[in-house]
Structure formats: structure tokens, C-alpha cells
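The values are calculated or read from the model by the stated rules, or taken from the named source; none is laboratory data. The shown structure was predicted, so the numbers you read here are calculated from the model rather than taken from an experiment. Glycine gets a Cβ as well: all are built from the backbone with ideal geometry, and neighbour counts include every protein chain shown. Each accessible area value is taken on the protein alone, full model and side chains, heavy atoms only, with ligands, DNA and RNA left out. Shrake-Rupley method; radii C 1.70, N 1.55, O 1.52, S 1.80 Å.
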Amino acid sequence: FACFGFNKLILNSLESKGYKTPTPIQKAAIPELMLGRDLLGQAQTGTGKTAAFALPLIEKLENNKESNAKVLVMTPTRELATQVADSFKSYSAESTNLRTLAIYGGTDFRNQISSLKRKTDIVVGTPGRIMDHIRQGTFKINNISCLVLDEADEMLKMGFLEDIEWIIDKLPENKQMVLFSATMPNEIRNIAKKYLNEPAEILIKSVKQETQLITQKYINVQRHHKLDALKRILEITNEGVIIFVRTKLLTTSIAEALENSGHSVAVLNGDIPQNQRENTVDRLKKGFIDILVATDVAARGLDIPNIEHVINYDLPQQAEDFIHRIGRTGRAGAKGQAWSYVTKSDNRKWKEIEKILSI
């Protein structure tokens, strides 16, 4: 990391975190962002993309004396906003000058207003809450010099396109823009074409290469035998597991069945209150919970280092979402395992997934 020209405070933080060799996305993106270029990057979750944009931005802000934020990072979920903000804080831990703030729904608006009144260098947030603060005049955006859209494809799937464009149009015209996405549908290309200025394009294109640390297995199974098959896997593998299911109702019914079998299980779905979600994620990180049963929407943006196994109890509705799911394991150079149940009615969808992964 020293070859990028980072200051000593950043290098000390990276050393204390045990970072030694930059990942491919970091090697490609950091020099471009240090030059101030706009960037369009494709890399799946778990490849180190947060550090790829956070480190050069921290470097630029080291001597910032302005009170209003200079960097805005937009994320699709509260969980990802918190995790990205925590990453900025850890990378700048040696500095006494930089301050990062996460703003998102489900938490006290007045506390966020109070925090925004103090010197803030980096704001990380979800589109809806960012819009709320801009409308209220509590988030001063006139000094924003860089906007990062993280997991842009997920934001589009969640219906945030109009919100994103509204926010971009309110920001200063002269700014650096960074767009990261795990997949690159036409809608992302259109945003890049509309807003980015001669961007550097970085494509870590081989999903197979990026997921080679993840051992993938699929099991042909009849739908009514899925739960029995799940229990057999968990007899062998029952720590650091996320089980993906299609509906909220299934999260609770499967969790109850597994609890009755003696497993330590928690549920994550769209009905879970924010404070309970945060508590569940924290307990999973600390190893107090072994198994998480979740829907796609609830699990977006999760970054939990000790997840060793992902089980696709139901295949996702969109084949591209498979990339986000399995990216919950095999993170930052660690090995992981993904199991997928494929019923007869899933065969067509599974062929689409195989095509994307080239497996």
C-alpha cells in the first residue's frame, strides 16, 4: 500500500488491521481516484471495494479544515451505510482531524441533525434519509467534492433511481463521481453516461475468478424434502451460516424448525425493527448466533467476516442476485462454501446462474 503514496497515518491504520497486499480492484481503482478521475467500477461484494474508494478519499481529506462534508457515499441499506462508515473510521483511526457520520432511516432524526452541525468530512447514508436532511436544510451539501454510489445495482433494484438523480442534481456540479456495482445492467451504464465525466472503467470481470475461494455445490431435491436436507447439512456445518429464503414467512418457520433441533438461530427480514436488526447482526459477528435465516432484501449489504457458509434454500428471483448472496462468504481472501437447493421447477433459473458464474 505504500506505493500509492498514502500518508503515514493511513499506512499505520492499514498495518494495524493486517492489510498487506492490495486486491485487484484496489490496485486498479486507487491510482485513478488519487488523480481525481471519475470512476465506473464493477466488482462483487467482498473484493475490497470499500477500501478502494475510501483510502484515496481519506488521503485527500487529511488536511481538510472546512466544517461541512466534502464526501457523500450513498448505499442501498442501513446496514451497508453503517459498515461503510465504520470502514472509513477504521482507515482514518490514526487521524484526529477526520470525522465520518452515517445517516439512515429508523434512527432518531434529531440526533443526526445535532451530529451534522459539528464538523463532518464524510457522510454515508441511504437515499431517503439523505433527501430528508437536504430538504430540511440540515445537511449542507455545498462543499461536496466527491459522490460515491456503492452497490448501485442494488439501489436501482430497490427503486431508488429517482432519489439518486434528485440528490445528484442538488449537489455541486463540479465534483468527482465514483460508481461501484457488482453487476452492470443497462440502467447503470445509463447513469454513468449521464453523470460521469470521462470515467476510468475498471472491470474485475471474471465472477468465477473472484469467487474461486468459494466452494459451490448444488443439490437436486424435491421441494418437500428441502427442510430435511437442510438439517442434514447443518449436522456437519452449523457455525457462521446464512440461509437465504424467498419470503418473510419462511424465515420464521425455518428458524423455529431449526431451533427445535437445537440450533442457535436468528431471523432477518423486512419486518424486523432497525434496533433489533442491528443487535442481531452484532450478535452474529460476535459468534453468539450460529445461523441466520434471511430474505434477500434484509441481508443486502451485510459484511460479516465469520460467515463460512451460504445456503440458498430458495434460489433468488433474479440470477444476478446470486452473486450478492454468495458474496456474503469468502470475503477478503477467506475461504467459503455455498450450497444451493435446486428443485425441478428451478432448473431453468439454475442454468441462468451457471451461465453468469461460468461454473
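Show the residue pairs meeting these rules: Cβ distance below 6 Å; 6+ apart or different chains; first residue within region 187-215 and farther than 23 Å from P31 by Cβ; second residue surrounded by 12 or more Cβ atoms within 10 Å (Cβ to Cβ) and at pLDDT 95 or above.
none
All but one of (1) assigned to a loop (DSSP other than H, G, I, E, B); (2) within 24 Å of N64 (Cβ to Cβ); (3) in contact (Cβ under 8 Å) with a residue 60 or more places away in the chain hold for M177, so report the exception by its number.
(1)
Hey, any hits in region 36-57 for a residue that's closer than 24 Å to G137 by Cβ and at pLDDT below 90?
no
Among the residues of region 47-69, which ones are over 19 Å from F1 (Cβ atoms) and of a type in the set (G, A, S)?
S67, A69
Could you list, in sequence order, the residues of region 249-277 that are touching a Ser or Thr at 6+ places or on another chain (Cβ under 7 Å), in contact (Cβ under 8 Å) with a residue 40 or more places away in the chain and farther than 22 Å from A229 by Cβ?
Residue satisfying the conditions is Q274 alone.
Looking at the structure I just gave you, is F244 touching a Pro at 6+ places or on another chain (Cβ under 8 Å), open to solvent by less than 30 Å² (accessible area, probe 1.4 Å) and at pLDDT 85 or above?
yes
Out of N186, N197, N142, N174, report the one residue that is open to solvent by 40 Å² or more (accessible area, probe 1.4 Å) and closer than 21 Å to D321 by Cα.
Within the list N186, N197, N142, N174, the selection yields N186.
Output the number of the condition that V73 fails; it satisfies all remaining conditions of (1) of a type in the set (V, I, T); (2) at pLDDT below 90; (3) crowded, with 19+ Cβ neighbours inside 10 Å.
(2)
Of (1) out of contact with any strand residue (DSSP E or B) (no Cβ under 7 Å at 6 or more places or on another chain); (2) surrounded by fewer than 24 Cβ atoms within 10 Å (Cβ to Cβ), I58 satisfies all except one. Which?
Against the list (1) out of contact with any strand residue (DSSP E or B) (no Cβ under 7 Å at 6 or more places or on another chain); (2) surrounded by fewer than 24 Cβ atoms within 10 Å (Cβ to Cβ), I58 comes up short only on (2).
Taking the stated definitions as given, is K20 open to solvent by 10 Å² or more (accessible area, probe 1.4 Å) and more than 17 Å from the chain's Cα centre (by Cα)?
Judged against the criteria, K20 is a match.
Is at least one residue of region 282-289 at pLDDT below 80, more than 24 Å from I219 (Cα to Cα) and not hydroxyl-bearing (S, T, Y)?
no
Name the residues in region 145-161 that are surrounded by fewer than 20 Cβ atoms within 10 Å (Cβ to Cβ) and part of a loop (DSSP other than H, G, I, E, B), would you?
Across region 145-161, the qualifying residues are S145, M158, G159.
Can you confirm whether region 151-158 contains a residue that is of a type outside the set (S, T, N, Q), within 20 Å of K70 (Cβ to Cβ) and touching a strand residue (DSSP E or B) at 6+ places or on another chain (Cβ under 8 Å)?
No, region 151-158 contains no residue that is of a type outside the set (S, T, N, Q), within 20 Å of K70 (Cβ to Cβ) and touching a strand residue (DSSP E or B) at 6+ places or on another chain (Cβ under 8 Å).
Looking at (1) open to solvent by 30 Å² or more (accessible area, probe 1.4 Å); (2) farther than 24 Å from P185 by Cβ; (3) touching a Lys or Arg at 6+ places or on another chain (Cβ under 9 Å), can you tell me which one L35 breaks?
Of the numbered conditions (1) open to solvent by 30 Å² or more (accessible area, probe 1.4 Å); (2) farther than 24 Å from P185 by Cβ; (3) touching a Lys or Arg at 6+ places or on another chain (Cβ under 9 Å), the odd one out for L35 is (3).
Hey, any hits in region 126-134 for a residue that's touching a strand residue (DSSP E or B) at 6+ places or on another chain (Cβ under 8 Å), open to solvent by 10 Å² or more (accessible area, probe 1.4 Å), without any contact (Cβ under 8 Å) to a residue 60 or more places away in the chain and within 21 Å of S181 (Cβ to Cβ)?
yes
Determine if region 106-124 includes at least one residue that is of a type outside the set (K, R), open to solvent by 40 Å² or more (accessible area, probe 1.4 Å) and closer than 23 Å to K157 by Cα.
Within region 106-124 (the criterion being of a type outside the set (K, R), open to solvent by 40 Å² or more (accessible area, probe 1.4 Å) and closer than 23 Å to K157 by Cα), the answer is yes, since at least one residue qualifies.
Kindly indicate the residue of region 76-93 that is over 11 Å from the mean Cα position of the chain (by Cα) and crowded, with 23+ Cβ neighbours inside 10 Å and also farthest from E151 (Cα to Cα) among those meeting that condition.
Within region 76-93, the match that is farthest from E151 (Cα to Cα) is S92.
Regarding region 211-229, can at least one residue be identified that is open to solvent by 90 Å² or more (accessible area, probe 1.4 Å), under 23 Å from L315 (Cα atoms), within 22 Å of the chain's Cα centre (by Cα) and modelled with pLDDT under 90?
Yes, there is a match, as at least one residue in region 211-229 is open to solvent by 90 Å² or more (accessible area, probe 1.4 Å), under 23 Å from L315 (Cα atoms), within 22 Å of the chain's Cα centre (by Cα) and modelled with pLDDT under 90.
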